[in-house]
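A.B. asks: Following this message is one structure expressed as structure tokens.
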Amino acid sequence: MTDWITRWQIGRIGWHRESVHSKLIEFIDYLKLHPGDTVFVPLCGKSNDMYYLLERGFKVIGVELSELAIVQFFEEHNLNYSIQKIDQFSIYRGDNITLYCGDYFELNSELLESVSAVYDRAALVALPIDLRAKYAQHLYSIISNGCRVLLLTLNYPQSQMGGPPYAVNKDEVVSLFSKGFECQQLQCFNDIENEPKFLRAGVEFIEKATYCLQKTGE
Ligand SMILES: C[S@@+](CC[C@H](N)C(=O)[O-])C[C@H]1O[C@@H](n2cnc3c(N)ncnc32)[C@H](O)[C@@H]1O
């Protein structure tokens, strides 16, 4: 955890993108959102995808360890915010957006009662294998039945490069979400040509996949 905080302090945030993720734009309809619905963005960083969701008329709830990331999000978008401290979270509230500064694993279902959908980009794949199982179980326990999840993952030969981001293949996604979720892979393609860091390291392929999950509760 301290490693993430340090990364934010020294600006080692190579995962951050100025543009909106093309897969969010391409696949957002799978979330079957209505205007005013709330999207939960776990391990949100200062993702500009959250701003895109706000602009589309949705509400956003995020959770992020780094206070710096949260403050930068509000300041870079010129959004006003208030701060409230409750238990283990500092809660940053702006118009239609609430970002919990603290540990994802401390969130509970009451805090996410209003959530209709989840957008996971670089959250599951940011975690090492033991935490990925805990992440999926915790997600199950904090979202409501019927809630949909748009999940983006990466898969590459882990022996050829270390994470994060960690390699997560389809078998692992299916297994992680086998209890209580329906899981559909929407897309999967090799994008090694557009990943110079992986190319330089001699990694043979990097598959980028998009999934739509739905919590069935069964
Ligand atoms: C790889 S970044 C992805 C950020 C964002 N999803 C994006 O697409 O730009 C992972 C983020 O998760 C945060 N993080 C890691 N572990 C966390 C935890 N247990 N609870 C909350 N945030 C966490 C890190 O500080 C970091 O900003």
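A.B. asks: Return the total of residues in region 99-111 being within 14 Å of the ligand (Cβ to nearest atom) and either among the hydrophobic types (A, V, I, L, M, F, W, C) or surrounded by fewer than 20 Cβ atoms within 10 Å (Cβ to Cβ) (or both).
C.D. replies: 9
A.B. asks: Which of the numbered conditions does ILE83 fail, given that it passes all the others? Conditions: (1) within 16 Å of the ligand (Cβ to nearest atom); (2) more than 27 Å from ILE28 (Cβ to Cβ); (3) not charged (D, E, K, R).
C.D. replies: Result: ILE83 fails condition (1) only.
A.B. asks: For region 122-149, which positions are over 19 Å from GLN184 (Cα atoms), over 14 Å from the mean Cα position of the chain (by Cα) and crowded, with 19+ Cβ neighbours inside 10 Å?
C.D. replies: Across region 122-149, the qualifying residue is only ILE142.
A.B. asks: Looking only at residues in region 49-58 that are more than 21 Å from ILE91 (Cβ to Cβ) and touching a residue at least 24 places away in the same chain (Cβ under 8 Å), which one is farthest from the ligand (Cβ to nearest atom)? Spell out the reasoning first.
C.D. replies: Step one: list which residues in region 49-58 are more than 21 Å from ILE91 (Cβ to Cβ), which gives 52, 55-57.
Next cut, touching a residue at least 24 places away in the same chain (Cβ under 8 Å) only: 52, 56.
Values: TYR52: 12, ARG56: 17 Å.
The residue in question is ARG56.
A.B. asks: Can you list residue pairs whose Cβ atoms sit under 6 Å apart, with the first residue in region 25-46 being closer than 18 Å to ILE142 by Cα and the second being more than 16 Å from the ligand (Cβ to nearest atom) and assigned to a loop (DSSP other than H, G, I, E, B)? Count only pairs 6 or more apart in sequence or on different chains.
C.D. replies: Correct list of pairs: ASP37/PHE58; THR38/SER114; VAL39/PHE58.
Values in this text are rule-based calculations from the coordinates and carry no lab data. Treat the numbers as computed from the prediction; the structure is a model and nothing was measured. Don't worry about glycine lacking a Cβ; one is built from the backbone with ideal geometry, like all the others, and counts go over all protein chains shown.
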